[in-house]
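Down below is the structure, laid out as structure tokens.
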């Protein structure tokens with residue numbers, strides 16, 4: 001009997017031709033919601049954002065590989081997987097460009113009121129019912145990048161096409177990037193104080209959860225825009241809502257939220273100084289196909305008896 005690979009419901013758009021090479025070594029099944037009864041037969045799963053912890057793994061006694069479809073893997077209990085001898089992989093690099101594009105789309109959409117402009121053009125412009133509000137230029141502004149990793153770097157590259165200053169803060173100083181792109185390294189507090197646009201590109205870890213909260217908003221400019229395409233929990237959402245309501249900051253452009261899908265009663269949805277998107281920064285045909293190829297490549301390597309190329313950092317020195 002062939003081993004079984006499950007493709008979880010979040011990944012139904014993974015092309016079948018991408019998973020075809022796996023069929024030489026295993027049966028591939030695209031499963032629907034509530035697939036827990038199928039886990040007992042699975043040797044590998046291609047998963048989205050569903051939480052994977054002890055209760056999930058208890059149902060998957062034969063599981064040896066979890067292939068996370070994406071670069072973030074905070075939904076997976078890596079420590080528990082390591083204890084059970086289960087490899088966890090992700091898909092770094094391939095989504096950096098798409099997420100950077102989306103980051104700039106959010107910035108420009110906020111600055112020029114694009115969601116409101118679309119609605120105004122469709123419903124009010126011809127009637128001359130009201131005037132349309134002015135937006136803001138990028139010229140003369142300071143873009144602050146929190147986290148100058150793969151995605152942050154792509155955002156920085158695109159920033160060179162705009163007449164603004166760039167600054168960054170990261171755990172690791174990148175003098176090579178400073179020299180090549182003219183970006184200036186600053187402390188975390190200075191990043192908050194000087195940024196007209198603050199864009200977040202850090203992984204969700206215990207140290208970054210709630211990293212931006214009420215004390216941080218107090219330090220920011222009252223006109224500042226905060227942009228988040230990383231993970232919602234990096235920002236204290238209650239503090240963000242208060243800062244937006246009271247004018248501590250100017251606005252927010254968000255692709256991610258503390259709870260997803262974003263509840264329809266979330267106060268953020270009632271604010272005028274926000275632009276919101278449903279966690280779609282990597283949702284392009286090109287990026288998702290590259291992610292699918294990398295995910296299935298990790299599974300294929302495992303099925304061939306090789307060490308997968310994209311094991312998460314916590315497991316890179318672990319022998320399986």
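The values are calculated or read from the model by the stated rules, or taken from the named source; none is laboratory data. For clarity, every value in this text was computed on a predicted model and none was experimentally measured. A quick note on method: Cβ atoms are made from the backbone with ideal geometry, for glycine too, and the neighbour counts reach across all protein chains shown.
Just a few scattered comments:
- Filtered residues of region 22-32 (kept if surrounded by 12 or more Cβ atoms within 10 Å (Cβ to Cβ) and within 28 Å of the chain's Cα centre (by Cα)): 22, 28, 29, 30, 31
- Some residue of region 295-308 being free of Cβ contacts under 8 Å to residues at least 24 places away in the same chain, under 19 Å from the mean Cα position of the chain (by Cα) and closer than 30 Å to residue 23 by Cβ: no
- Test: residue 167 is in the same structural domain as residue 136 (by TED's automatic domain parsing), surrounded by 22 or more Cβ atoms within 10 Å (Cβ to Cβ) and either in contact with a strand residue (DSSP E or B) (Cβ under 8 Å, 6 or more places away or on another chain) or under 28 Å from residue 48 (Cα atoms) (or both): no
- Residues being over 24 Å from residue 260 (Cβ atoms) and either under 29 Å from the mean Cα position of the chain (by Cα) or without any contact (Cβ under 8 Å) to a residue 60 or more places away in the chain (or both) - total across region 1-21: 11
- Complete set of residues in region 37-66 that are closer than 18 Å to residue 90 by Cβ and touching a strand residue (DSSP E or B) at 6+ places or on another chain (Cβ under 7 Å): 44, 45, 46, 47, 52, 63, 64, 65, 66
- Of all residues making up region 211-235, the number that are touching a helix residue (DSSP H, G or I) at 6+ places or on another chain (Cβ under 7 Å) and either buried (at least 21 other Cβ atoms within 10 Å of the Cβ) or within 20 Å of residue 74 (Cβ to Cβ) (or both): 10
- Members of region 114-148 found to be touching a strand residue (DSSP E or B) at 6+ places or on another chain (Cβ under 9 Å) and over 19 Å from residue 278 (Cα atoms), listed by number: 136, 138, 140, 141, 142, 143, 144, 145, 146, 147, 148
- Among the residues of region 113-120, not a single one is part of a strand (DSSP E or B), more than 22 Å from the chain's Cα centre (by Cα) and in contact (Cβ under 8 Å) with a residue 12 or more places away in the chain.
- Residue check: residue 108 meets all listed conditions (1) modelled with pLDDT of 95 or more; (2) under 20 Å from residue 29 (Cα atoms) but one, namely (2).
- Beta carbons closer than 7 Å, at least 6 apart along the sequence or on distinct chains, pair a first residue in region 199-216 that is closer than 19 Å to residue 168 by Cα with a second that is modelled with pLDDT under 95 and part of a loop (DSSP other than H, G, I, E, B) for 203/72; 204/72; 204/74.
- Matching entry among 148, 153, 191 (being within 19 Å of residue 101 (Cα to Cα) and part of a helix (DSSP H, G or I)): 153
- Taking region 236-251 as the range and being crowded, with 17+ Cβ neighbours inside 10 Å and under 25 Å from residue 74 (Cα atoms) as the test, the residues that pass are 236, 237, 239, 240, 241.
- Matching entry among 90, 111 (being within 30 Å of residue 161 (Cβ to Cβ) and in contact with a strand residue (DSSP E or B) (Cβ under 6 Å, 6 or more places away or on another chain)): 90
- Selected residue (only one of 71, 76 is crowded, with 20+ Cβ neighbours inside 10 Å, at pLDDT below 95 and out of contact with any helix residue (DSSP H, G or I) (no Cβ under 6 Å at 6 or more places or on another chain)): 71
- Residue ID - nearest to the chain's Cα centre (by Cα), chosen from residues in region 33-48 that are outside any helix (DSSP H, G or I) and buried (at least 18 other Cβ atoms within 10 Å of the Cβ): 47
- Qualifying residue in region 49-65 (condition: touching a residue at least 24 places away in the same chain (Cβ under 8 Å), under 28 Å from residue 152 (Cβ atoms), in contact with a helix residue (DSSP H, G or I) (Cβ under 8 Å, 6 or more places away or on another chain) and surrounded by 15 or more Cβ atoms within 10 Å (Cβ to Cβ)): yes
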